[in-house]
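The values are calculated or read from the model by the stated rules, or taken from the named source; none is laboratory data. Quantities reported herein were computed from a predicted structural model and do not represent experimental measurements. Cβ sites come from the backbone with ideal geometry, for glycine too, and all protein chains shown count toward neighbours.
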Amino acid sequence: MCEEQNVLQVNDLNVSVRTFSGNLSLIQKINFSLRKGQILGLVGESGSGKTVTSAALLQLLGTEAVIKGSIKLNGRELNGLNPKEMQRIRGKEIGYIMQNPMNALTPVYTIGNQFIESIRTHSKLTRKQAFELAVHSLESVNLAESIKLMDKYPHQLSGGMLQRVMIAISMCLKPAIVIADEPTTALDVVNQQQVLRQLEQLRAECGTAILLITHDLSVIAEMADDVMVMQQGRIVEQASVFDLFDRPQHGYTKKLLHSRLDLSGYEGGL
């Protein structure tokens, strides 16, 4: 697929940090693209560089970081964009669902206050219109009593509910891309499935492309169209989800697949 047809095009992305002894490389020569409605999985063990990659795409790394290469969103270069322009893009054009949603929400403000502020930052809606949109969006992710929920604080919600709030914020702004960084970590099985269904709904209803970052291969098998495998800051294999699971090529990918717990012997026994 040509570059013009891709929502996101990343070419030769390198990230390093300045240290007293010189630059320390974190990720090297990352190349990939995302097309409209695609779910691209990024897998690898902890410390492999997955979250650094997402932070680089969002231009959220500190001043010590050196980012080289090209990050194009609908043909517009993001690397080196001034902070105010990038702030306008984050949330509206690129949504971000964090591993721990409590870190994304301010504990001293209500859900409604933060939701409405997010909407009004990226739109010309009145406060009343933003409130109505927020309530509708919360209902769309199956959160009961959405109006009452608007008056609650983050600590009053479960992890699964907070994740769905973050997805609701992304859905109402209809971004071109959502980066979901370990969205099901620390959730029980029921909440995991709810969050994954909402991500699929976001893709189906809005045509949003999703970069799904996880170490959970069962999530990748269920959700992703294509997969990238990251090891020590490099993409060592990239393939369709079927090819990756059926015909892995790289030794590291094979080790990841073999490391999955084989629960087939427990069917019907739990």
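When region 160-182 is filtered for residues that are more than 17 Å from V7 (Cα to Cα) and in contact (Cβ under 8 Å) with a residue 40 or more places away in the chain, the ones remaining, listed by number, are L162, Q163, V165, M166, I167, A168, I169, C172, D181, E182.
Among residues of region 185-210 that are closer than 14 Å to S140 by Cβ, those with a beta-carbon under 8 Å from a residue that is surrounded by 18 or more Cβ atoms within 10 Å (Cβ to Cβ) and among the basic types (K, R) at least six positions away or on a different chain give the pairs Q194/R164; V195/R164; Q198/R164.
The one condition from (1) surrounded by fewer than 18 Cβ atoms within 10 Å (Cβ to Cβ); (2) at pLDDT below 90; (3) touching a Lys or Arg at 6+ places or on another chain (Cβ under 9 Å); (4) of a type outside the set (V, I, T) that E182 does not meet is (1).
Filtering region 117-132 to residues that are among the aliphatic types (A, V, I, L, M) and crowded, with 18+ Cβ neighbours inside 10 Å leaves I119, A130.
Would region 76-97 turn up any residue that is among the aliphatic types (A, V, I, L, M), closer than 30 Å to K255 by Cβ, in contact (Cβ under 8 Å) with a residue 60 or more places away in the chain and surrounded by 14 or more Cβ atoms within 10 Å (Cβ to Cβ)? Within region 76-97, one or more residues are among the aliphatic types (A, V, I, L, M), closer than 30 Å to K255 by Cβ, in contact (Cβ under 8 Å) with a residue 60 or more places away in the chain and surrounded by 14 or more Cβ atoms within 10 Å (Cβ to Cβ).
So, A65, is that one among the aliphatic types (A, V, I, L, M) and free of Cβ contacts under 8 Å to residues at least 12 places away in the same chain or not?
no
Residue-level check: of (1) surrounded by fewer than 19 Cβ atoms within 10 Å (Cβ to Cβ); (2) out of contact with any Phe, Trp or Tyr (no Cβ under 6 Å at 6 or more places or on another chain); (3) aliphatic (A, V, I, L, M); (4) at pLDDT 85 or above, V190 misses just (4).
Note on region 140-179: residues that are surrounded by fewer than 19 Cβ atoms within 10 Å (Cβ to Cβ), within 19 Å of G95 (Cα to Cα) and among the charged types (D, E, K, R) total 1.
Looking at the structure I just gave you, is V236 surrounded by 23 or more Cβ atoms within 10 Å (Cβ to Cβ), touching a strand residue (DSSP E or B) at 6+ places or on another chain (Cβ under 7 Å) and at pLDDT 90 or above? No: the conditions fail for V236. Every listed requirement among (1) surrounded by fewer than 16 Cβ atoms within 10 Å (Cβ to Cβ); (2) touching a Ser or Thr at 6+ places or on another chain (Cβ under 7 Å); (3) not polar (S, T, N, Q) is met by L202 save one, (1).
Residues are listed down the side, and each one gets a yes or a no for (1) among the aliphatic types (A, V, I, L, M); (2) free of Cβ contacts under 8 Å to residues at least 40 places away in the same chain; (3) under 29 Å from Q201 (Cα atoms); (4) part of a helix (DSSP H, G or I):
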{"position": "I220", "(1), (2), (3), (4)": "yes, no, yes, yes"}
{"position": "V229", "(1), (2), (3), (4)": "yes, no, yes, no"}
{"position": "V236", "(1), (2), (3), (4)": "yes, yes, no, no"}
{"position": "F242", "(1), (2), (3), (4)": "no, yes, yes, yes"}
{"position": "Y252", "(1), (2), (3), (4)": "no, yes, no, yes"}
{"position": "L257", "(1), (2), (3), (4)": "yes, no, yes, yes"}
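Only one of the numbered conditions (1) assigned to a helix (DSSP H, G or I); (2) farther than 27 Å from N74 by Cα is violated by P107, and that is (1).
Considering only region 20-57, state which residues are without any contact (Cβ under 8 Å) to a residue 24 or more places away in the chain and either part of a strand (DSSP E or B) or under 16 Å from G69 (Cα atoms) (or both). G22, L24, A55 - these are the residues of region 20-57 that are without any contact (Cβ under 8 Å) to a residue 24 or more places away in the chain and either part of a strand (DSSP E or B) or under 16 Å from G69 (Cα atoms) (or both). Inspect all residues belonging to region 129-144 and state whether any of them is charged (D, E, K, R), at pLDDT 90 or above, farther than 24 Å from Q193 by Cα and under 21 Å from the mean Cα position of the chain (by Cα). No, region 129-144 contains no residue that is charged (D, E, K, R), at pLDDT 90 or above, farther than 24 Å from Q193 by Cα and under 21 Å from the mean Cα position of the chain (by Cα).
Looking only at residues of region 26-70 that are surrounded by fewer than 17 Cβ atoms within 10 Å (Cβ to Cβ) and charged (D, E, K, R), we find that the one that is farthest from T208 (Cα to Cα) is E64. For region 58-88, the candidate set comprises residues that are under 16 Å from S16 (Cβ atoms) and not in a loop (DSSP other than H, G, I, E, B); within that set, the residue that is nearest to the chain's Cα centre (by Cα) is I71. Residues in region 138-167 that are under 15 Å from P101 (Cβ atoms) and hydroxyl-bearing (S, T, Y): Y153, S158.
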